Structure formats: C-alpha cells, structure tokens
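A.B. asks: Structure in structure tokens, see below.
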Amino acid sequence: MPEIENRLATDDCPHAWQREGLFINAFGRHLRRRFGGRVQRVSVDAGFTCPNVDGAVTTGGCNFCDNRSFSPSRRVRLRRVSEQLSAGIERVTKRYDRVEGFIAYFQPATNTYAPVEQLEEIFQLALAADSRIVGLAVGTRPDCVPESVLELLERLAVDHSVSLEFGMQSVHDESLQWMNRAHTHADMINAIDRARGRGFECCAHVILGVPGEDHAMMMQTAHEVGVLGLDAIKLHNLYSVHGTPLGDEVLAGKVQMMDREEYIRTVVDFLELIPPTTIVERVSGDAPPQFLIEPKWCLEKSAIRNEIDAEFARRRSRQGARFVAPPTPPLERPRPSDQTPDSIAAQIDQRGRLPVLKMQGS
Ligand code: SF4
C-alpha cells in the first residue's frame, strides 16, 4: 500500500517524525534515527515466572495470558540465553539485508523477578552474547521493580540502550482486577515515579477494549501517559487465545472483542491525547493464528497500521494534536519510597536463584 500523505508536515515542525511526514512517533523510525539503520529486537525467554502466577500476590496469571508454560519444570530444555540470541540474530539477518544492531528482548513473564545478582548476571550475558547487541528491553510488572533493580538498569544504561517495559494495561483498578493482574494503578505510579530520569527508557503496555471500559475510561488512560511522562507506549487490542480464562469466556459468548473500526477510531483518539514526544512502539497486538480466537482482524497488522494513518489523514490530525501538558511536569514529580509488596520481596528472598537460570552460565 502506498504511504498516506501527511499534509501537516512542514520543515518547521518541532519533531523529527513530524518533519518526516509521519502521523505518529513510530518506534522503527526512532531506532533508525538513533542508530543510523535498522535495529531489531530478538526475544529471549530466560525462564522467569510472575508473582500473579506463583502465588506471591495471587495465582492463575492474567486472564488473557497463556502462562501455563511459566514453570521451571516445564522449561528444563530452555536454551541458554546466548544460544537463543544467536539463533534469533541468525533468523533476523536471513530476513533483512542490513541490520545495524540488535536488542535482547526479555519478553515472556516478569523479567525482574529474581535476585538482583542473578539479573545482573543474565543481562550481562545477553549484552556480551554478540558484538552487534546494542541494548536490552526488559518486560516486567509495576509491582516488581525494587530499587536494587532500577539501580542495576541505571548502571547498564550508561553504555547501552535499555528499555524497561511495564504492563500498565489500564489506569482503572476494576479493569486490572478483571484481568487478575493483582496490582493496582497506584503500583504503576510508584514504579514510574521511581524509574523515571535514570537514563533508561520507560515504556508502558496498554490494552484497549477491556470489557466494562467505555471510551471515556480509555481516554483517561491516554491522559495518564503524559501525566506520568512515559517515554514509550505499546498499544494492544484485547485479544483472546485458546487455553486462557478469557479465551473460555469468549468461546462461551460471554465477552466480546472490540470491532475493527471502533479500534481504529479509539487508537487515533488515544494517540491524539498523548505527548508528541512519546515513542509509539506498537499500535495493535496479535497472536499466532493457531492460538487466536478473536478478533481475527488483528492478524492484518500492516493493514491496521495503514487504516490508523488514513484516519489521522482524514481528520488532518496526528499524535499529540490534543495533548494538554500536565500542571506538574513529569520530571518534577517527587520520587516516592519503594512500595514493592513485601510478599514479592519475600518470595525472591526465599526462592533465591531460579533453578532454570542456573543453566544459563557457560
Ligand atoms: S501478562 Fe504478564 S504479568 Fe500477566 S501472567 Fe502474562 S507474563 Fe505474567
């Protein structure tokens, strides 16, 4: 599909992405500007679990997440981090002609849920696995970033690109409860207010289309992106996969997923409200077709992306068009004390090193 023309783009626009004629501050282009070429993420499963799976805060995991594999006994054959990265890099270099660098993406489960010494070992291993690895992305939960972990990431960010990805999902506690997250939005505020301004990027995952959330509620989550000063966001449509509580409810006809047109409009409304400086890493989410129940439209990722651009063009709008700066700039927000739940800290202490991660060293 041809690129859609952005008639708002002029040489006087304050942001590079605007001058380039984009409608959003897109992640891929951001990486190209920063590293001078294509940079690809390579996913790593280091064998973590989650505090809402192993009982530290609850059991069962999030209702949309197929977390049945998050147990060390099921991962005995997990390959070493360095081997996963080598295989991932090889796959990517076969697919793309020229790749300037790679980011080791600790993706499944809660990748800060282990003693900090073990986290340091595993992150250093990843950074040393290949000279083309320029940094780390670490997916986690807002209730699992004690000070020691933030200090570690701050040290690593001196010489590397580091991104900490929080599963924020929504600012509404009733939605977080529905998902069985077992944390509140107050946990997210505490985490970001402690993580901000340490030299690494803070990203939040957001889910649109949660049952019970109307349009105004989703826009409240959009508003919070600027209030909290998030560096980046990943937007996901709620989708259901087989083998999850949500999947069962969808199959039983008890829960409906958002339809495509409504999702496109909601994403554009959302992005108009966030700062123009926020990097947009994703505008939709999907699962492999064999696992996905609904909605099927989310498999058409590039078409969805084009429809979002077309909606911006139709409105003569772009990201940040309706953003209103918060009265307190994010960097002036006071840094609170660490509110990591005692049950999570105790679980890390009692369990000690994750057995599966003992296998990662050479
Ligand atoms: S969505 Fe994240 S926090 Fe929830 S169970 Fe899955 S990996 Fe854990």
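A.B. asks: Which residue fluctuates most in the GNM of the chain (Cα springs below 10 Å): Glu332, Glu213, Glu300?
C.D. replies: Result for the chain, Cα springs under 10 Å: Glu332 fluctuates most.
A.B. asks: Just the Cα atoms of the stretch 16-358, one point each, no solvent: what log10 I(q)/I(0) does Debye give at q = 0.12, 0.14 Å⁻¹?
C.D. replies: -0.89, -1.28
A.B. asks: Hey, another quick one. Could you put Met168, Met179 in order, starting from the residue whose Cβ has the fewest other Cβ atoms within 10 Å? All intermediate terms of the calculation are to be shown ahead of the outcome.
C.D. replies: Working: Met168 29, Met179 22.
Going from sparsest to densest Cβ surroundings: Met179, Met168.
A.B. asks: For the chain: lysine pairs with Cα atoms under 27 Å, gap of 8 or more or different chains, count?
C.D. replies: Close lysine pairs found across the chain: 7.
A.B. asks: What residue among Pro108, Pro334, Pro295 has the largest mean-square fluctuation in a Gaussian network model of the chain, using Cα springs under 10 Å?
C.D. replies: Judging by the Gaussian network model, the answer is Pro334.
A.B. asks: Write down the Kirkwood hydrodynamic radius of the stretch 272-311, to one decimal in angstroms, obtained as one divided by the mean of 1/r over all alpha carbon pairs.
C.D. replies: Working: mean 1/r = 0.0847 Å⁻¹.
In the stretch 272-311 this quantity evaluates to 11.8 Å.
A.B. asks: Using only C-alpha positions, report the orientation-averaged shadow area of the convex hull of the stretch 185-280, nm², one decimal. Numbers along the way, then the final one.
C.D. replies: Working: hull surface 28.5 nm².
In nm², the orientation-averaged hull projection of the stretch 185-280 is 7.1.
A.B. asks: Let me ask another. With runs of 4+ DSSP H residues as the only contributors, calculate the mean residue ellipticity of the chain at 222 nm using -39,500 (n - 2.57) per run, divided by the residue total and rounded to the nearest 500.
C.D. replies: So the helix-based figure for the chain works out to -11000 deg cm²/dmol.
A.B. asks: For the stretch 297-362, what does the equivalent ellipsoid look like in terms of its semi-axes, each the square root of 5 times an eigenvalue of the Cα gyration tensor, given largest first in whole Å?
C.D. replies: After scaling each eigenvalue by five and taking roots: 43, 27, 10 Å.
A.B. asks: Let me ask something else about it. What is the projected area of the convex hull of the Cα atoms of the stretch 128-217, averaged over all directions, in nm²? Please report the intermediate quantities before stating the final value.
C.D. replies: Details: hull surface 27.7 nm².
One quarter of the hull surface, i.e. the mean projection, equals 6.9 nm².
A.B. asks: How about the stretch 285-362: which trypsin sites (Lys or Arg not before Pro) there are in a DSSP loop, with at most 16 other Cβ atoms within 10 Å of their Cβ?
C.D. replies: In loop regions of the stretch 285-362 (DSSP not H, G, I, E or B), the sparsely surrounded trypsin sites (Lys or Arg not before Pro) are Arg316, Arg322, Arg353.
A.B. asks: Let me ask something additional. Take the stretch 204-362, drop everything but the C-alpha atoms, weight them equally and run the Debye formula without solvent; then report log10 I(q)/I(0) at 0.10, 0.12, 0.21 Å⁻¹ to two decimals.
C.D. replies: Those come out to -0.52, -0.71, -1.24, one per q.
A.B. asks: Most mobile of Val171, Val39, Val255 per a Gaussian network model of the chain (Cα springs, under 10 Å)?
C.D. replies: Judging by the Gaussian network model, the answer is Val255.
Values quoted throughout were computed directly from the atomic coordinates according to the rules given, and no laboratory measurement underlies them. All values derive from a computational prediction rather than experimental measurement. Backbone-built Cβ (ideal geometry, glycine too); neighbour counts: all protein chains shown.
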